[in-house]
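One structure is given below, encoded as structure tokens.
The values are calculated or read from the model by the stated rules, or taken from the named source; none is laboratory data. Computed from a prediction, not measured in an experiment: that's the story for all the values here. Backbone-built Cβ (ideal geometry, glycine too); neighbour counts: all protein chains shown.
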Amino acid sequence: MTSHEKLTRMDNELHKRVFRDFIVAFIDKVSSFDFEYEISSGLRSLVQSSSLSSNTYKGENFYFINPVNNKKVQVQNGASIMKILGKLARDWDLEEEFEVFRNAHSHVIENNHLKGNLCLSIHPLDFMTMSDNDCGWNSCMSWTTDKGTSKQGTVEMMNSRNVVVAYLETSKPFYLNPEDKENCPYTWSNKTWRKLYIVDDDFITGIKDYPFKSSMLDDMVMKWLKELCGDENYTDSTYNIIPDEENIINGDTEFFIEFECGHMYNDFYNNNPFVPMYLSKKLIESAVPTRIQKKKLFSFGKQNCEKIPIKRIDHLYYDYSGACQCMWCGGNIVAEADQDLDWEIFDGALICSDCADACRCSRCSDRVIPGEETYFKGEVLCPWCANIFIRVDDITGEEDFSSDMELVSVRSIDNPDEIGIVNILTTTYDDYDIWDKYLIEDYQYGVRYDEITSFEYYVFFEELNEKGKELFGVNDVSDLYKKKKN
């Protein structure tokens, strides 16, 4: 892989927990020590993706005194990043986090050298497993993990008349029941890299690489597909088209292709800013002149104009999805959606609403699998909406919809415009009989409503009695403005 591809892949990996836990702990340690700015910046640079992808420190030499053991630590240009981090992890009591981090980093670095069988396939199981593998990655089309919010995408791509899946297969197999490999007799191709390609009479192009972008593999697959489809039918070189913009061929032909899909997440436009594409020679030849462009020519101080005809290929709107079918009855779910039942489709499910005997969430209209619904105050809610919209009243202790509740915050009389972080959620925000229990007698301000700040309710700390302070969990004015702990 090129250095740019290694850097891109490392950027994609750093958000994962196996990386994040150590990096966050390491930066917290650096921040806790009273280092000079140059030292602090140098140490932070060790866990940046540019350093980790090369595993080599490329900055200026520096040294510092380790606050833990008062020993001198030198960081020199060309040194191994992992050796430096390993030494500091031992000294700073981060060995447990570093060991997980080291193994994950080693896996990424080793996979920077691509090795395996490059395959083209239209086999149904290769579409079903396009995001399932034993190589440590997945996507929204996974069947075996909870990431699969667009499982129907695999069905649509399998049923597409123009989509081919290309992948790099490792030597070890993928067990179709990854949680119980010992008792699973079924294995399939284990994909360390894959990409979908659209093969049409008018063009050949790819959608998006997973889990990393490889221009080398993409170039190999594009040439392979072109050869299979007939080199003589397509242009000799690929055009880097720009999605959503007019594209120019040979300086005199314009074309625009808009790619669409069904219920699958449209990955095509994630290849911005450029998408390599072979165009059909017949498509280019069919372009018709639409206007004349004047090109200025300069010769010996004289200016002349040459008229150049500009040709245009008709705008193409291309849906690369196939049928979206129920995996139980085989019914066409897209047809259901076309009959004003489009909320019946849920991209993460693989069966139609009739087969699932599903109900519909009264808040978001998503389909709810039987047994996962919540009935509350005459409404039926999906798990997500139930978690978001149902809250416990901090005063009454009863559940209610958050839309029927208001936040009541605490401020200080001395600084009434300074908004603190302490608040409660309640339906009794304007009930003065309730607030008499939490405020001192003859309180001057009480529960306030400020029209300027859009329906804001608040009380003053100085007017809370002991019961009120206990309600908000504050003992001192300073508690109102302390930073939240992670």
task: Only one of these is modelled with pLDDT of 90 or more, of a type in the set (Lys, Arg) and within 15 Å of SER280 (Cα to Cα): LYS226, LYS191. Name it.
output: LYS226
- line: With the first residue restricted to segment 184-201 and required to be within 20 Å of VAL155 (Cα to Cα) and touching a residue at least 24 places away in the same chain (Cβ under 8 Å), and the second required to be of a type in the set (Ser, Thr, Tyr) and assigned to a loop (DSSP other than H, G, I, E, B), Cβ contacts under 6 Å at 6 or more apart or on different chains are TRP188/THR129; ASN190/THR170; ILE198/TYR320
message: Whether any residue in segment 194-212 is of a type in the set (Lys, Arg), assigned by TED's automatic domain parsing to the domain that holds SER160, within 24 Å of MET128 (Cβ to Cβ) and in contact with a strand residue (DSSP E or B) (Cβ under 6 Å, 6 or more places away or on another chain) is what I want to check.
response: yes
message: Quick check on my filter: what residues within segment 234-251 are of a type outside the set (Val, Ile, Thr) and surrounded by 15 or more Cβ atoms within 10 Å (Cβ to Cβ)?
response: TYR234, TYR239, PRO243, ASN247
task: Assess whether GLY153 counts as being small (Gly, Ala, Ser) and in a loop (DSSP other than H, G, I, E, B).
output: no
- prompt: surrounded by 13 or more Cβ atoms within 10 Å (Cβ to Cβ) and closer than 30 Å to ILE198 by Cβ - does that describe any residue in segment 95-110?
  reply: yes
field: Residues of segment 57-74 that turn out to be within 35 Å of the chain's Cα centre (by Cα) and either hydrophobic (A, V, I, L, M, F, W, C) or surrounded by 13 or more Cβ atoms within 10 Å (Cβ to Cβ) (or both), as a count
entry: 2
query: Inside segment 26-81, can you point out the residues that are aromatic (Phe, Trp, Tyr) and either under 24 Å from MET10 (Cα atoms) or not in a helix (DSSP H, G or I) (or both)?
result: PHE26, PHE33, PHE35, TYR57, PHE62, TYR63, PHE64
- request: For residues that are of a type outside the set (Ser, Thr, Tyr) and modelled with pLDDT of 85 or more, scanning just segment 142-159, find the one that is surrounded by the most Cβ atoms within 10 Å (Cβ to Cβ).
  value: GLY153
task: May I ask you to list the residues in segment 162-190 that are farther than 25 Å from ALA323 by Cα and surrounded by 14 or more Cβ atoms within 10 Å (Cβ to Cβ)?
output: LEU168, GLU169, THR170, PRO173, PHE174, TYR175, THR187, ASN190
field: Scope segment 191-212; condition within 18 Å of TRP137 (Cβ to Cβ) and surrounded by fewer than 19 Cβ atoms within 10 Å (Cβ to Cβ); matching residues
entry: LYS208
message: Which count do you get for residues in segment 415-443 that are in contact (Cβ under 8 Å) with a residue 12 or more places away in the chain and not hydrophobic (A, V, I, L, M, F, W, C)?
response: 13
message: Can you tell me which of (1) modelled with pLDDT of 70 or more; (2) closer than 26 Å to THR149 by Cα; (3) under 31 Å from the mean Cα position of the chain (by Cα) is the one ASP338 doesn't meet?
response: (1)
query: Pick from segment 75-86 the residues that are within 34 Å of the chain's Cα centre (by Cα) and either closer than 12 Å to LEU43 by Cβ or not assigned by TED's automatic domain parsing to the domain that holds GLY42 (or both): which of them is surrounded by the fewest Cβ atoms within 10 Å (Cβ to Cβ)?
result: ILE84
query: Within segment 93-134, how many residues are closer than 16 Å to PHE174 by Cα, touching a residue at least 60 places away in the same chain (Cβ under 8 Å) and either small (Gly, Ala, Ser) or not in a strand (DSSP E or B) (or both)?
result: 6
- prompt: Can you name the number of the only condition in (1) touching a residue at least 40 places away in the same chain (Cβ under 8 Å); (2) assigned to a loop (DSSP other than H, G, I, E, B); (3) basic (Lys, Arg) that LYS208 fails?
  reply: (2)
- request: Please enumerate the residues belonging to segment 228-259 that are within 28 Å of the chain's Cα centre (by Cα) and at positive phi.
  value: ASP244
query: within 30 Å of SER321 (Cα to Cα), of a type in the set (Gly, Ala, Ser) and surrounded by 13 or more Cβ atoms within 10 Å (Cβ to Cβ): does that describe SER53?
result: no
field: Residue, modelled with the highest pLDDT, within segment 427-454, restricted to residues that are under 17 Å from PRO416 (Cβ atoms) and touching a strand residue (DSSP E or B) at 6+ places or on another chain (Cβ under 7 Å)
entry: LEU439
statement: Residue hits (segment 229-270; under 17 Å from ASN162 (Cβ atoms) and in contact (Cβ under 8 Å) with a residue 60 or more places away in the chain) are ILE257, GLU258, PHE259, GLU260, CYS261, GLY262, MET264, ASP267, PHE268
- line: So the strands (runs of 3 or more DSSP E) completely within segment 350-409 holding 2 or more residues that are under 24 Å from ASP431 (Cβ atoms) and of a type in the set (D, E, K, R) are 399-401
